[in-house]
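Following: one structure in structure tokens, then a few remarks.
The values are calculated or read from the model by the stated rules, or taken from the named source; none is laboratory data. Not measured: the values here are computed from a predicted model. Cβ coordinates were reconstructed from backbone atoms using ideal geometry, including for glycine residues, and neighbour counts include every protein chain displayed. Ligands, DNA and RNA are excluded from the accessible area calculation, which covers all protein heavy atoms including side chains. Shrake-Rupley method; radii C 1.70, N 1.55, O 1.52, S 1.80 Å.
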Amino acid sequence: MGTVAALVVAAGRGERASGAIPKQYRDLAGIPVLRRVLDVLARHREVDMVQPVIAEPDSDRYRRATAGLSTLPPVVGGATRQASVCAGLEALAARGPEIVLVHDAARPFASAALISRAIAAGHATRAAVPVLPVADTVKTVDPDGRVTATLDRAILRTIQTPQAFDFAQLLDAHRKAAAAGHADFPDDAALAEWAGSRVATFPGEVGNIKLTTAEDFMRAEAEMIGRLGDVRTGSGYDVHAFGDGGHVILGGVSIPHTHGLTGHSDADVVLHALVDAILGALADGDIGEHFPPDDPRWRGASS
Ligand code: CTP
Ligand code: MG
């Protein structure tokens with residue numbers, strides 16, 4: 001079987017997400033969105049190469065966000081998503097992959113299993129997109145907002161990425177669309193349909209959302225924290241009086257000083273506060289219960 005390329009389009013400006021920087025460079029639980037996307041594809045054992053497409057003004061951001069990842073060097077995209085995909089396909093042409101997955105940088109939750117499904121569907125059908133059934137009833141409306149029709153939900157699907165195609169066919173379709181003056185197909189399936197392909201479907205993932213608005217980011221943060229499991233917080237503080245001595249111990253470090261701190265142990269307020277915070281998060285009493293000040297074992301102990 002031939003090689004599989006993944007093309008990630010990241011040249012948009014993210015206007016609807018209205019952040020200070022384009023959404024694909026924003027951190028999600030400490031990791032840039034684009035880094036998550038490229039990493040899951042680059043580490044996938046059935047993906048042979050990953051081609052990022054970025055906007056020229058983002059080159060520095062791109063370097064910072066993706067240091068150490070093994071992808072092809074990024075190429076510069078165009079004014080529309082379609083033009084950005086086309087730029088990526090042209091860059092891949094010399095490498096001649098058999099199958100290409102086209103994926104939005106704005107979908108950082110695509111799983112390795114979904115990527116495998118996309119590759120299998122690409123090999124089997126030469127053009128395939130991940131879909132979800134529609135739960136809500138969908139209606140069409142006129143410009144005044146009056147309902148004009150109610151659609152049959154059973155035949156409706158929402159569409160995601162990664163979309164999988166025969167590479168040569170998709171490149172050919174993109175070149176034809178550009179030559180015919182079409183510049184704004186919303187996705188590659190629409191372009192392939194226009195070029196005469198029959199596009200197959202395979203199951204998408206509910207969690208594979210596209211980050212579009214600021215609310216999407218908030219929901220995604222909550223989702224990431226949820227994946228970390230049970231997150232708890234605790235707070236602690238400690239107070240010791242100054243007394244005789246020539247140093248204080250803070251966080252385990254002895255610091256020369258005109259006075260010491262009085263206490264049963266070494267009076268390390270930093271570690272005592274930290275231990276109290278941890279015990280608080282565990283709902284397990286406080287430091288005095290676990291290490292009573294009248295217990296001779298802790299006299300002068302190192303915290
Ligand atoms: N994209 C691209 N080149 C463009 C426009 C979009 O590579 N000229 C990419 C985006 O970076 C994104 C994907 O296409 O990963 C889907 O587009 P969308 O969610 O609309 O992102 P933006 O265009 O960046 O956002 P907005 O429309 O809100 O400005
Ligand atoms: Mg857009």
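Points to keep in mind about this one:
- Quotient of the Cα radius of gyration of segment 149-199 and 2.2 N^0.38 Å, N being its number of residues: 1.32.
- Accessible area per residue, Å², segment 100-178 with all protein chains present, probe 1.4 Å: 46 Å²
- Each residue of segment 186-200 is assigned a 3J(HN,Hα), and the resulting list reads x, 8, 6, 4, 4, 5, 5, 4, 4, 7, x, 6, 8, 9, 8 Hz, derived from the Karplus form 6.51 cos²θ - 1.76 cosθ + 1.60 (θ = phi - 60°), x at Gly and Pro.
- At q = 0.11, 0.13, 0.21 Å⁻¹ the log10 of I(q)/I(0) for segment 178-303 amounts to -0.63, -0.75, -1.17, computed by Debye summation with a single uniform scatterer per C-alpha, solvent ignored.
- Across segment 66-109, counting alpha-carbon atoms alone, Rg and Dmax equal 11.5, 30 Å.
- Mean residue ellipticity, 222 nm, helices only, the chain: the sum of -39500 (n - 2.57) across DSSP H runs of n ≥ 4, divided by residue count and rounded to 500, is -9500 deg cm²/dmol.
- Surface composition of the chain: carbon plus sulfur atoms hold 56% of the accessible area, using a 1.4 angstrom probe and ignoring ligands, DNA and RNA.
- Calculated from the alpha-carbon coordinates, segment 171-235 shows an Rg and a Dmax of 19.7, 64 Å respectively.
- Point-charge dipole on Cβ atoms (K/R +1, D/E -1) for the chain, about Cα centre, debye to 20: 1300 debye
- Rounded FRET efficiency, nearest 0.05, which uses the C-beta distance separating ILE255 from ARG16 and R0 of 41 Å: 0.20
- Taking Cβ atoms as reference points and 9 Å as the exclusive limit, the residues near ASP238 contribute a net charge of -2, counting Lys and Arg as +1 and Asp and Glu as -1.
- Here's how it looks for VAL248: its modeled amide H is under 5 Å from those of ILE255, HIS257, which are all 5 or more places away or on a different chain.
- Straight-line reach from LYS210: taking Cα to Cα under 16 Å and skipping same-chain neighbours fewer than 8 places apart, the lysines in range are LYS23.
- Value of relative contact order over the chain, rounded to a whole percent, pairs C-alpha under 8 Å and six or more apart: 16 percent
- With the convex hull constructed from alpha-carbon coordinates only, segment 64-219 shows a mean projected area of 11.9 nm² over all directions.
- Karplus-derived 3J(HN,Hα), 6.51/-1.76/1.60, for each residue of segment 282-290, Hz, glycine and proline x: 7, 6, 10, x, 10, 4, x, 6, 7
- GNM top mover of ILE159, ILE54, ILE278 - the chain, alpha-carbon springs below 10 Å: ILE278
- Solvent exposure of segment 18-85 amounts to 48 Å² per residue of accessible area, where only protein heavy atoms count and the probe is 1.4 Å.
- Gyration tensor analysis over the Cα atoms of the chain returns equivalent ellipsoid semi-axes of 55, 23, 18 Å (largest first, whole Å).
- Paramagnetic reach from LEU228 in segment 23-45 [backbone N under 18 Å; point 7 Å along Cα→Cβ]: 26-33, 36
- Residue-by-residue Karplus 3J(HN,Hα) for segment 13-28, coefficients 6.51, -1.76, 1.60, Hz, glycine and proline x: 9, x, 5, 5, 7, 6, x, 6, 10, x, 4, 5, 9, 6, 7, 10
- Packing-based order for 119-128, 64-73, using average beta carbon neighbours within 10 Å, highest first: 119-128, 64-73
- Counting charges near ALA79 (Lys, Arg +1; Asp, Glu -1) among other residues having Cβ under 11 Å from its Cβ returns a value of +1.
- Every pair of different Cα atoms in segment 1-129 enters the Kirkwood calculation, which places the hydrodynamic radius at 14.8 Å.
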